Every structure is written in C-alpha cells, then in structure tokens.
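The values are calculated or read from the model by the stated rules, or taken from the named source; none is laboratory data. Since we're looking at a predicted model, the values are computed, not measured. All Cβ positions, glycine included, derive from the backbone under ideal geometry; neighbour counts span all protein chains shown. Ligands, DNA and RNA are excluded from the accessible area calculation, which covers all protein heavy atoms including side chains. Shrake-Rupley method; radii C 1.70, N 1.55, O 1.52, S 1.80 Å.
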Amino acid sequence: MQSDIGRSHTNCTIFVQSLSLFTIPILIKYFLRFGKIRVFYVNSNNTGLRIVNWLYAVRVLTISPVKILRTDLWPIDNSKNQAHVIKTQAYTELVELKDDICEIVTKVLPHIDDYYRQLLISNIIKRCNDDLRNYEQNRLVNYAKLHMEKSTGDSIVILRTPLIRDTRGVVKRHKLWGDCTIVYQFTFSKTIIAHLSYVFSRLVFCVLPGRKRSNQCVNEDKSLGVAACWGIDELKQNDFFWWHHTNLAGSRLRYLFDRHDYQPNHAVVSSLRDSNIVPFALNRTALGDFPEIYFRGRVSYREILQSVCIIFRALRFCLLADFVIRDILLVLILEISSHVKLQKQYELLNLGVLWHYQESGADQITSAIHMAGGVRFGTHWSCGDSPNTSNMRTPHVFFVWGTHDARICLASDSISQHLIIAGCAISEMNENIETLKLVQKESNAVRDNGAEIVLTLFDNSTLAPNFYQFFLEWMLEEKKVGILVKPKKDNMVEAHSDLANLFARASSTGRISILHDSIWPADVARVSDFCIGIGTMSAIAVSAIVGSRVIYLDYAQLDHNQLTKPFSTLHSLGKNKCVFYDHESLQQSIMQYVSDPLAMVSLGDASSVIDQFDPFRDGKSRERIGEYIENYVNSIDKGYSREDSLNYAVQIYAEKWGEDKIVRGIV
C-alpha cells in the first residue's frame, strides 16, 4: 500500500523505523493511551508485520499498516533532497566522539602502534555510521514532521536503539526533533549478551582445524593478494589493472575470492593458472566450482587467549562506565574480534601487499593485513561529494583522482599514511571502442529522428520520478531535444511504472534511447551535447574528465550549506554554468544554447576546474599505481622495513610525477 499522509482523523499516528516483535508493546501502550492508532513503517521482519496485521484485524489499528515508500523517505529529485548534507552532519556528529574513543582504545590497548590505534578509532566511527542505516532516523523524523503539519493528532516516532547512546550528537538531535515524541525500542542485537555471543562464537570458529590447503607451503618472498570482484579480463574493468603495468611475476599473486556474487569458475581458474596466479577462497560462500581452493588456517590457542584477555579488560572498564563509554567499549570488542580469522589467513598466505575493492564501511581488511605485517593499497571508484565516513580512507596507501577528492579525504579525517594523486584509473579501464561505436549509433539515430541537441541523463540508484517526468515531457513538447538515458540499474523503466505511458510516448518519437546500465558514462558523454546528472557526482566527473559538457542538478543547493560549500567544485564556476538548482532554469539555458551556441559558450564547460578531478588525463593512472606498488615490493624484497619501503616508494613517485601529487606521506 502506498503512503498517503493527508489530514488525519485518528488520535495517534506512529512512525516505526524497524517493525518487529519488540515494537508491539510500544504500540499497545499508545493504543491504551490514545485509542485506535495508525502505523507507518520503514522496515519490518515477518514476525512484526504479521502481528501488526493481526492488530489491524482486531481493530487496534484504523487502517492496515502502511510501508513508507523509499521515494518519500529518500527524495532525490526535488528540493527536499538533503542526502549529502545529512551524511556530512552525521559524520560531524560522530567525529565528536573521536577523543573519547581514542582514550578508551588507549586504555584497553596501551601498547599498539599509532596507525592501528587510529584504524580502530576510525572503524568504530564507521560502525556507528553503518548503524545509522543511510541516516534513516533523520529522514524518518523529517517525514513525521511533514505529517504533523497536515495532521491534528499526535505523532510518535519509534526508532531503533543507536549503537552508541546518549552522545552529544543524539542530545542535539533530540532538541532539533523537539516537536516529535521519540521512543527507542529494545533491540536485542545491541545488548551486551548479543555482542559477547557473537564475539565468542567467532573466536571459537577460529580455533577449529583448518583446511588441508591451509598448511601448504608458500613462497619465501612476500605474496601479493588481490581481492576478486570485477574479473580478470584486461579489456574490461578488472582486478589486476595495476599489475599489468608492472614486472612483478604472476606466481607471486594470490587471487582471493570472498564474494557470493563473483565465484571461481573453470574459465577464470584456467586463465589464472595460465598466468601462474594462485586462486584461494577465503570463505565458504565463494567456493564456486572449486571447493578445494577454500583456505582457512587455525588460530592458535595462545592468540585466542590474547584476544580474550583484551575482551575481559574491556568488560572490566564497562562495569563502572556510563552509557556512552560502555557502548564504545562493546563496539571496540566487536572490532578487536572481527579480523582475527582474516589476519591468520593473510599470515599463512605470507601476504606483503593487498589490493582490495572495499571502499567504505568498517575496514577489517586493513586491520587484518596490518596485523599480519603487510600493507593495503586502494583507490576510490566514485567521486566524492562532501566529508563523510565513506570518504574516511583507511588503507595504508590510498590513490585519489585529484585534489577535489583529496580535500574531501582530508576533511573526512582519513588516516591513510600516504595519500597520492594518481588520476582516474577506473575511467581508463572502462574505455571501450566497441561500446563507443554502439552509443554513437544510438546518438545518430536520435539525431536522425529530428533531435538538434542530445542530452544524456545519469540517474541514481534511488527512484527519480520528478527528474524523468520533466525531461520526458520536455522532449515530447520540444522536437529539437533528444535523450540518451544511462540508468544506474537495468530495471529503471519498470521501477518507474507510474511513468510507463510517458516512456512509451517518448519512445515512439525515436528521439530517446535507453542504454544498458553497464555502459560507461564517459562513453555516452562523448556522443552527447550535454550530460545531466543527479545524486552522486561520479558520472558527471568522469564525463567532464573526457572533455564533455556537464550539468549537475543540485536540488539541495550544496553551495548554500556551510558544511558542503567548501567542496562544491563545479559550483565555483558560477551560477547556471555547470550547476542548476531547478529544471526550469536548466531548460531555459539549454534552449538558449540551441538558438545561439556562441552566446552560451560557458554552459556545461568544466575545463577550468577539471584538473581538480584529474590533473593527468593521460591514460597512465594504472601505470602510476603499478609503479608505486612495484617500488614498494622491490624495497621489501631487499629486506627493508614496511615503513622504509613506503617512504622509498613515495619518494620515487614524487621525483617522477611531482611532489604536489603527494597529499600526505612525503618524507
């Protein structure tokens, strides 16, 4: 059922973040206080939904429980879109805990090195951010406030208990939410019993006997681990993109499967063996056609005992601590135990280098390789928008595209020891002549059917009905306009079922082509007059890097907010150049361009700031990353320490590509 929050005639409307068994007592309480109630919910489990439907059947609820539509809670294509601002606000709130977390980590683990200490602090902050579930609580309260403006009854918001309670940020939020009655429901997964049960079950699993392959000998030289994600085809986006530009032997590489959606099959394993690359599956969900490559080593009782001692030390501090400190300690316990198994796997594989696809979330990968004596390298696959925990970079060495992302990384309290500007490697990987020919053919067809100007639309993973409705109606009204749609997901048209008639009418003109979601945005950009994007900046950024005219529809007006304004690179070009706040002014400017291109020569032109996104644009990003890693490995092979080898690699990089490309880490 779709939500309709028109004027209420009931006594109480309740908005629930996570409908479960533990929600029911709260619903009963407010039913007894107010009489019949209405329930709107965001998430639910089967038990909670079944019981609340039964409450409706016995007339406790006036209407059937209503699921809040994602487009209502996460508006992306209108002025209510505050996604980037909310993310940055949440980050700012969580970072206020940093000093408290640092003090606790230091007390529990006084003898660890500074980098690992900072890594634990960052991971605790990231875990808290993940607990926010896309900042769902803020969005739900805002949704409830909108309802209150249209309702005469009472409104209650039931939220999940946060991972860390009673922080300064939570208190501050409650003041902002003053008009709403906020209730936190019991969440078993946040209890100390749930935490400890999870932790000790993981530790018990770690001492179970390993697989036979775990005991096989490894080379004396340090191995290089590469996590499996995109595949090994050199002509596409692939996991070995940097290795192809080195002289490192394939026999030193370990291809590590750890995803359920990319499995080792016969074709992949055969190709790996042709290059002497050894595959390993690090968990049972990634066995594919080769269960024999499963690799798990047994953690010794001594190592488990060390972890248990640390856990009990943390529990001892819990006894007399307040809610905030106690919750931080429990998250720290989770973090300490999270990488024990993986650390042992990396040690047995003798990994000195790890390249892993993970970009955001708590970084147990780096914790494990660091404690195993190795180094993790990484880069980002999307362009940053503003400071948030996703841009809090934690690998030892992190390669950014340009200064735009470097500034965001620094403002996000990234702890990477070396931050290096290398250019946009992912754009180079995805350049494809055949794809370019395909999209050129589609663009020509749109022009052949009367379009004088072709616009490419980049959407987001969230539904954008207002965005598509505007452009479809515009192209139906204006025969000079043609559209190429590069959707984020392949079911875009089906997902926008309310616009089915509009899509059908637009398709009948021959001036619209909906491309496959796998096509690289920059390829479409090359055959368009303008690229128009919403949500994240990535598609717009890679299009600008190849020299296309770009327009970002910024419904939230990010340059008007003090938290996000310093990172609004495209906005710095001036009003109505590469950024527009609404559809109408964008339409007017583009039609003026159609009438007189010379009078609108700056429209969509990002050339004066493009160096901030990628100062190189020379097709050598992969080469730069590969050289850096190879120099590090060569130094390690000569017997130098991890720190000295990192310093050596960064020095060579600075000499070749310039010290200004070293954001952090120059000796």
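Out of the residues in segment 487-514 meeting the condition of being open to solvent by less than 30 Å² (accessible area, probe 1.4 Å) and part of a helix (DSSP H, G or I), tell me which one is farthest from ASP529 (Cα to Cα).
Within segment 487-514, the subset open to solvent by less than 30 Å² (accessible area, probe 1.4 Å) is 487, 492, 496, 499, 502-503, 506, 510-513.
This time we only want the ones that are part of a helix (DSSP H, G or I), so: 492, 499, 502-503, 506.
On the way: MET492: 23, LEU499: 25, LEU502: 23, PHE503: 21, ALA506: 19 Å.
Top of the filtered list is LEU499.
Of all residues in segment 169-189 being touching a helix residue (DSSP H, G or I) at 6+ places or on another chain (Cβ under 8 Å) and charged (D, E, K, R), which is modelled with the lowest pLDDT?
Residue satisfying both the conditions and the ranking: ASP179.
Quick one: is GLU303 open to solvent by less than 30 Å² (accessible area, probe 1.4 Å), in contact (Cβ under 8 Å) with a residue 40 or more places away in the chain and not in a loop (DSSP other than H, G, I, E, B)?
Working: open to solvent by less than 30 Å² (accessible area, probe 1.4 Å): no; in contact (Cβ under 8 Å) with a residue 40 or more places away in the chain: yes; not in a loop (DSSP other than H, G, I, E, B): yes.
So GLU303 does not fit the description; no.
Considering only segment 13-38, how many residues are under 31 Å from the mean Cα position of the chain (by Cα) and closer than 21 Å to LYS150 by Cβ?
Within segment 13-38, the subset under 31 Å from the mean Cα position of the chain (by Cα) is 14-23.
Add one more test, that the residue is closer than 21 Å to LYS150 by Cβ, and what stays is 14-17.
The total comes to 4.
Evaluate segment 99-120: report whether one residue or more is open to solvent by 40 Å² or more (accessible area, probe 1.4 Å) and modelled with pLDDT under 90.
no
What pairs come up if the first residue lies in segment 265-289 and is closer than 14 Å to ILE232 by Cβ, the second is among the hydroxyl-bearing types (Ser, Thr, Tyr), and their beta carbons are under 8 Å apart, counting only those six or more places apart or on different chains?
Listed pairs, sorted by first residue: LEU272/TYR255; ASN276/SER251; ILE277/SER251; ILE277/TYR255; VAL278/SER251; VAL278/TYR255; PRO279/TYR255.
I need a count of the residues in segment 33-62 that are closer than 12 Å to CYS12 by Cα, free of Cβ contacts under 8 Å to residues at least 40 places away in the same chain and part of a loop (DSSP other than H, G, I, E, B).
Going through segment 33-62 one residue at a time, the tally reaches 3.
Identify all residues within segment 325-352 that are at pLDDT below 95, surrounded by 22 or more Cβ atoms within 10 Å (Cβ to Cβ) and small (Gly, Ala, Ser); write none if there are none.
Hit for segment 325-352 is SER337, nothing else.
Within 30 Å of ASN238 (Cβ to Cβ), touching a helix residue (DSSP H, G or I) at 6+ places or on another chain (Cβ under 7 Å), not basic (Lys, Arg) and not in a helix (DSSP H, G or I): is that true of LEU484 in this structure? If you could, list the steps in order and put the result at the bottom.
Values: within 30 Å of ASN238 (Cβ to Cβ): yes; touching a helix residue (DSSP H, G or I) at 6+ places or on another chain (Cβ under 7 Å): yes; not basic (Lys, Arg): yes; not in a helix (DSSP H, G or I): yes.
When the stated conditions are applied, LEU484 passes them.
Restricting the search to segment 368-401, which residues are among the small types (Gly, Ala, Ser) and more than 23 Å from TYR346 (Cβ to Cβ)?
Going through segment 368-401, the residues among the small types (Gly, Ala, Ser) turn out to be 368, 372-374, 378, 382, 384, 386, 390.
Once the filter is applied, which keeps residues that are among the small types (Gly, Ala, Ser) and more than 23 Å from TYR346 (Cβ to Cβ), segment 368-401 yields SER382, GLY384, SER386, SER390.
Which one of LEU319, LEU349 is more than 29 Å from ILE101 (Cα to Cα) and among the aliphatic types (A, V, I, L, M)? So that I can check it myself, show each step before the final result.
Numbers: LEU319 fails: more than 29 Å from ILE101 (Cα to Cα).
Result of the check over LEU319, LEU349: LEU349.
Looking at LYS488, LYS479, can you tell me which residue is modelled with pLDDT of 95 or more and of a type in the set (Lys, Arg)?
Details: LYS488 fails: modelled with pLDDT of 95 or more.
Just one listed residue meets the conditions, LYS479.
I'd like the full set of residues that are part of a helix (DSSP H, G or I) and open to solvent by less than 20 Å² (accessible area, probe 1.4 Å), limited to segment 269-300. Please lay out each step first, then the result.
Within segment 269-300, the subset part of a helix (DSSP H, G or I) is 269-274, 284-286, 291-293.
Scanning segment 269-300 gives VAL269, LEU272, ALA286, ILE293.
Within segment 141-156, is there a residue that is touching a Lys or Arg at 6+ places or on another chain (Cβ under 7 Å) and modelled with pLDDT of 85 or more?
For segment 141-156, residues touching a Lys or Arg at 6+ places or on another chain (Cβ under 7 Å) and modelled with pLDDT of 85 or more: absent.
So which of ILE164, ILE192 ends up being open to solvent by less than 30 Å² (accessible area, probe 1.4 Å) and β-branched (Val, Ile, Thr)?
None of the others qualify; the one that does is ILE164.
Condition check: of a type outside the set (S, T, N, Q), open to solvent by less than 20 Å² (accessible area, probe 1.4 Å) and under 25 Å from PHE399 (Cα atoms). Does VAL579 satisfy that? Talk me through it step by step, then tell me what you get.
Details: of a type outside the set (S, T, N, Q): yes; open to solvent by less than 20 Å² (accessible area, probe 1.4 Å): yes; under 25 Å from PHE399 (Cα atoms): no.
Spelling it out, it is not the case that VAL579 is of a type outside the set (S, T, N, Q), open to solvent by less than 20 Å² (accessible area, probe 1.4 Å) and under 25 Å from PHE399 (Cα atoms).
Checking THR462 against (1) polar (S, T, N, Q); (2) open to solvent by 10 Å² or more (accessible area, probe 1.4 Å); (3) modelled with pLDDT of 95 or more, only one condition comes out false. Which one?
(3)
For the structure I just gave you, tell me whether GLU655 is assigned to a helix (DSSP H, G or I), among the acidic types (Asp, Glu), open to solvent by 70 Å² or more (accessible area, probe 1.4 Å) and under 23 Å from ILE76 (Cβ atoms).
Values: assigned to a helix (DSSP H, G or I): yes; among the acidic types (Asp, Glu): yes; open to solvent by 70 Å² or more (accessible area, probe 1.4 Å): yes; under 23 Å from ILE76 (Cβ atoms): no.
Taking the combined requirement at face value, the residue does not satisfy it.
I need the full set of residues from segment 584-622 which are farther than 27 Å from ASP77 by Cα, surrounded by fewer than 18 Cβ atoms within 10 Å (Cβ to Cβ) and touching a residue at least 24 places away in the same chain (Cβ under 8 Å), in order please.
Answer for segment 584-622, where residues must be farther than 27 Å from ASP77 by Cα, surrounded by fewer than 18 Cβ atoms within 10 Å (Cβ to Cβ) and touching a residue at least 24 places away in the same chain (Cβ under 8 Å): SER608, ASP611, ASP618, GLY619, LYS620.
Show the residue pairs meeting these rules: Cβ distance below 9 Å; 6+ apart or different chains; first residue within segment 456-474 and assigned to a strand (DSSP E or B); second residue open to solvent by 40 Å² or more (accessible area, probe 1.4 Å) and at pLDDT 95 or above.
As it stands, the answer is THR456/ASP529, since those pairs meet every condition given.
Identify the single condition in (1) within 27 Å of ALA556 (Cβ to Cβ); (2) acidic (Asp, Glu); (3) assigned to a helix (DSSP H, G or I) that ASP517 does not satisfy, given that it satisfies every other one.
Status for ASP517: all satisfied but (3).
Of everything in segment 211-229 that's modelled with pLDDT of 95 or more and not β-branched (Val, Ile, Thr), which residue is most open to solvent (accessible area, probe 1.4 Å)? Reasoning before the result, please.
The first filter runs over segment 211-229 and keeps only residues modelled with pLDDT of 95 or more, leaving 223-229.
Of the ones still in play, those that are also not β-branched (Val, Ile, Thr) are 223-225, 227-229.
On the way: SER223: 2, LEU224: 3, GLY225: 0, ALA227: 4, ALA228: 0, CYS229: 26 Å².
Among those that are modelled with pLDDT of 95 or more and not β-branched (Val, Ile, Thr), it is CYS229.
From the residues in segment 67-89 that are in a helix (DSSP H, G or I) and of a type in the set (D, E, K, R), which one is least open to solvent (accessible area, probe 1.4 Å)?
Just the residues of segment 67-89 that are in a helix (DSSP H, G or I), to begin with: 70-73, 83-89.
Still in the running and of a type in the set (D, E, K, R): 70, 72, 87.
Working: ARG70: 116, ASP72: 66, LYS87: 46 Å².
Only one residue tops the list, namely LYS87.
Tell me, which residue of segment 520-560 that is in a loop (DSSP other than H, G, I, E, B), within 22 Å of the chain's Cα centre (by Cα) and among the polar types (S, T, N, Q) is surrounded by the most Cβ atoms within 10 Å (Cβ to Cβ)?
So the first thing to find is which residues in segment 520-560 are in a loop (DSSP other than H, G, I, E, B), and the list is 520, 526-529, 534-537, 546-549, 554-557.
Applying the additional criterion that residues be within 22 Å of the chain's Cα centre (by Cα) yields 520, 534-537, 554-557.
Then drop every residue that is not among the polar types (S, T, N, Q), which leaves 536, 557.
Numbers: THR536: 20, GLN557: 18.
Within segment 520-560, the match that is surrounded by the most Cβ atoms within 10 Å (Cβ to Cβ) is THR536.
Would segment 637-650 turn up any residue that is part of a loop (DSSP other than H, G, I, E, B) and in contact (Cβ under 8 Å) with a residue 24 or more places away in the chain?
Looking only at segment 637-650, we keep the residues that are part of a loop (DSSP other than H, G, I, E, B), and these are 638-641.
In the following step, the residues that additionally are in contact (Cβ under 8 Å) with a residue 24 or more places away in the chain were identified as none.
For segment 637-650, residues part of a loop (DSSP other than H, G, I, E, B) and in contact (Cβ under 8 Å) with a residue 24 or more places away in the chain: absent.
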